[in-house]
Structures are given as structure tokens and as C-alpha cells.
Amino acid sequence: MSQGEKLFAAMALNPKADWRIGDVETVCRHFDITCKPPSGGGSHYTLSHPTAVEILTIPARRPIKPVYIRQLVTYIKRVMGPANDG
């Protein structure tokens with residue numbers, strides 16, 4: 001199991017942990033999700049995937065609130081399909 005998979009599983013089990021934007025970037029890299037840093041004075045990272053219509057934004061502030069981690073987990077499950085529902 002790779003670092004990205006381990007982090008994803010941990011995020012799914014405990015979205016309230018002290019997650020950092022580096023953790024989000026690692027998970028996104030593993031699942032081939034584009035994770036763009038804020039630009040032009042913004043404060044949110046933009047996440048996208050070629051198979052997804054929607055774009056997810058996550059604030060770069062630490063700790064990242066559990067609601068954003070839950071959204072990320074749901075987004076990844078939707079992008080990856082039923083194989084990652086476990």
C-alpha cells in the first residue's frame with residue numbers, strides 16, 4: 001500500500017485529524033488529481049480530474065476542517081468509481 005493510499009484510508013476513517021495541505025497533495029498525486037495552489041492572492045487549492053465535471057476547492061489553512069476532508073474523500077471515490085468504496 002502506497003503512502004497516498006494510506007493517507008486516503010486514514011482521511012476516510014478520521015476526517016477530524018490534523019490534516020495539512022501536503023497530505024492532500026500526496027493523496028491527489030496518487031489518484032492523478034490535479035491540485036493547483038492558490039494564485040493571485042487566493043487562499044484555496046483547486047482540485048480537478050479529467051473524468052469529473054465538478055472542481056473541488058480546499059483552503060490552504062491548517063488544520064483543514066473535517067468538512068473539506070470529507071468532500072475530498074467523496075470526490076476521490078466518485079472519480080475512481082466503485083473500486084474505491086471500501
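Only one residue in 47, 7 is in a strand (DSSP E or B) and either buried (at least 16 other Cβ atoms within 10 Å of the Cβ) or among the aliphatic types (A, V, I, L, M) (or both), so which one is that?
Of the residues listed, the single one that is in a strand (DSSP E or B) and either buried (at least 16 other Cβ atoms within 10 Å of the Cβ) or among the aliphatic types (A, V, I, L, M) (or both) is 47.
Pull up segment 50-86, narrow it to residues that are among the polar types (S, T, N, Q) and either surrounded by 14 or more Cβ atoms within 10 Å (Cβ to Cβ) or under 11 Å from the mean Cα position of the chain (by Cα) (or both), then point me to the one that is farthest from residue 23 (Cα to Cα).
Residue satisfying both the conditions and the ranking: 84.
Tell me, which residue of segment 12-22 that is modelled with pLDDT under 95 and part of a helix (DSSP H, G or I) is nearest to residue 69 (Cα to Cα)?
So the residue we want is 21.
The values are calculated or read from the model by the stated rules, or taken from the named source; none is laboratory data. Small disclaimer: the values here were computed from a predicted structure and weren't measured. Positions of Cβ are generated from backbone atoms using ideal geometry, with glycine treated the same way; all protein chains shown enter the neighbour counts.
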